[in-house]
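First comes the structure, then the notes that go with it.
The values are calculated or read from the model by the stated rules, or taken from the named source; none is laboratory data. Predicted, not measured: the structure shown is a model, and the values here were computed from it. Quick reminder, even Gly has a Cβ in these numbers, built from the backbone with ideal geometry, and neighbours come from all protein chains shown.
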Amino acid sequence: MIDVVTGGAGFIGSSLARALLKAGRRVRVVDDFSTGRRENLPEGVELVEGDVARVAGEALRGAGVVYHLAAIPSVPRSVERPLETHHATAEGTLAVLDAACRNGVRRVVYASSSSVYGDTPRLPKSEAMPPRPLSPYAAAKLAGELYAADTSRCASSTSMARGRIPIRRTRR
């Protein structure tokens, strides 16, 4: 089995891929390099280059776990280009979840965003708070959460993470 990291050329994705490799896992990265960088890729990963919404079926073959981080992570950019954000974020997530079902992936870990809560004065944000997305990015992330929560048609399980994911910075 192989672990797949979508958005694996970004800062968080490449850090996760590096940690998985260090733990002795086989890792496949999926990235279109629209925001990620080739130089972020750790040595030893298998690369599937392309739009995750289009390559998910191929990229998830033989996968046991998928860490789905791919998105266009910019609220301002999402306001300027809402369709591009929706495609990369919501449609990409749905394609990953569908491919996971078709390929028998046992677990999908979906990274959402605290932006789904909107601009609330309460800090820290809590998963008990109601969603109030205020941007196309936040709406697309929330759509991804709703797609991920609908696992009734699929045997694989889905985990979600909202907000900040603690990443220990390491020197290369």
Look through VAL109, VAL30 and report the one residue that is out of contact with any Cys (no Cβ under 9 Å at 6 or more places or on another chain), at pLDDT 95 or above and assigned to a strand (DSSP E or B).
-> VAL30
Selected residue (criterion: modelled with the lowest pLDDT) from residues of the range 118-172 that are closer than 20 Å to ARG102 by Cα and in a loop (DSSP other than H, G, I, E, B) = SER152
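With respect to ALA95, is the statement that it is without any contact (Cβ under 8 Å) to a residue 12 or more places away in the chain and at negative phi true? Even if it seems obvious, please write down each step before you answer.
Working: without any contact (Cβ under 8 Å) to a residue 12 or more places away in the chain: no; at negative phi: yes.
The answer is no for ALA95.
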Go through (1) under 14 Å from the mean Cα position of the chain (by Cα); (2) surrounded by fewer than 21 Cβ atoms within 10 Å (Cβ to Cβ); (3) not acidic (Asp, Glu) one by one and return the number of the condition TYR137 breaks.
-> (2)
Candidates ALA59, ALA23, ALA19 - the one that is small (Gly, Ala, Ser) and exposed (fewer than 14 other Cβ atoms within 10 Å of the Cβ) | ALA23
